[in-house]
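Novice: Quick one: this structure, given as structure tokens, is what I'll be asking you about.
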């Protein structure tokens, strides 16, 4: 499984701080990923969209995780950029992340993160903090193999696998 990681952060893109969340995603997904691609962009909708398209269409990532830009701050535009590039929404993923996060903090209801599908790539917005990234990936990782398999055109029907 090829995974793309997109860090969305003004400060990290300027070199003012290190992207700890993107590094953590890479570490955690190593158990399910054969390859990871990484991009870092500022909180600019056009740049986020371009990076998502590059990871999905050119790098052919099976899954793209974004980190950052999902809150209420005026420059938090990751969900809008994601919605602009996906073909279909996958709201259950973000809903599950929020549901688990609400058990930990009421601030989880401030997340505007979305998830969706662009062609055969699943895109999932994650929070910006390393702690929240770890908690979110605990929810998402178990469904990734099935999600990627389904998006690739392999379907499970009556107990059997049918090819593309």
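Novice: Consider residue 40 against the criteria (1) closer than 11 Å to residue 5 by Cα; (2) assigned to a loop (DSSP other than H, G, I, E, B); (3) without any contact (Cβ under 8 Å) to a residue 60 or more places away in the chain: it satisfies all of them except one. Which criterion is unmet?
Specialist: (2)
Novice: Regarding the range 19-26, can at least one residue be identified that is touching a residue at least 60 places away in the same chain (Cβ under 8 Å), within 15 Å of the chain's Cα centre (by Cα) and surrounded by fewer than 18 Cβ atoms within 10 Å (Cβ to Cβ)?
Specialist: No, the range 19-26 contains no residue that is touching a residue at least 60 places away in the same chain (Cβ under 8 Å), within 15 Å of the chain's Cα centre (by Cα) and surrounded by fewer than 18 Cβ atoms within 10 Å (Cβ to Cβ).
Novice: Also, quick follow-up: Sort out which residues of the range 51-76 are farther than 22 Å from residue 148 by Cα and in contact with a strand residue (DSSP E or B) (Cβ under 8 Å, 6 or more places away or on another chain), and write them in order of number.
Specialist: Correct list: 68, 69, 70.
Novice: Test each condition in (1) touching a residue at least 24 places away in the same chain (Cβ under 8 Å); (2) more than 11 Å from residue 121 (Cβ to Cβ); (3) surrounded by fewer than 23 Cβ atoms within 10 Å (Cβ to Cβ) for residue 50 and report the one that comes out false.
Specialist: Residue 50 satisfies every listed condition except (1).
Novice: Go through the range 1-19 and count every residue that is modelled with pLDDT of 95 or more and in a helix (DSSP H, G or I).
Specialist: Number of matching residues: 0.
Novice: Could you tell me whether the range 86-106 includes any residue that is surrounded by fewer than 14 Cβ atoms within 10 Å (Cβ to Cβ) and assigned to a strand (DSSP E or B)?
Specialist: yes
The values are calculated or read from the model by the stated rules, or taken from the named source; none is laboratory data. Because the structure is predicted, anything quoted here is derived from the model rather than measured. Positions of Cβ are backbone-derived with ideal geometry, glycine not excepted, and every protein chain shown enters the neighbour counts.
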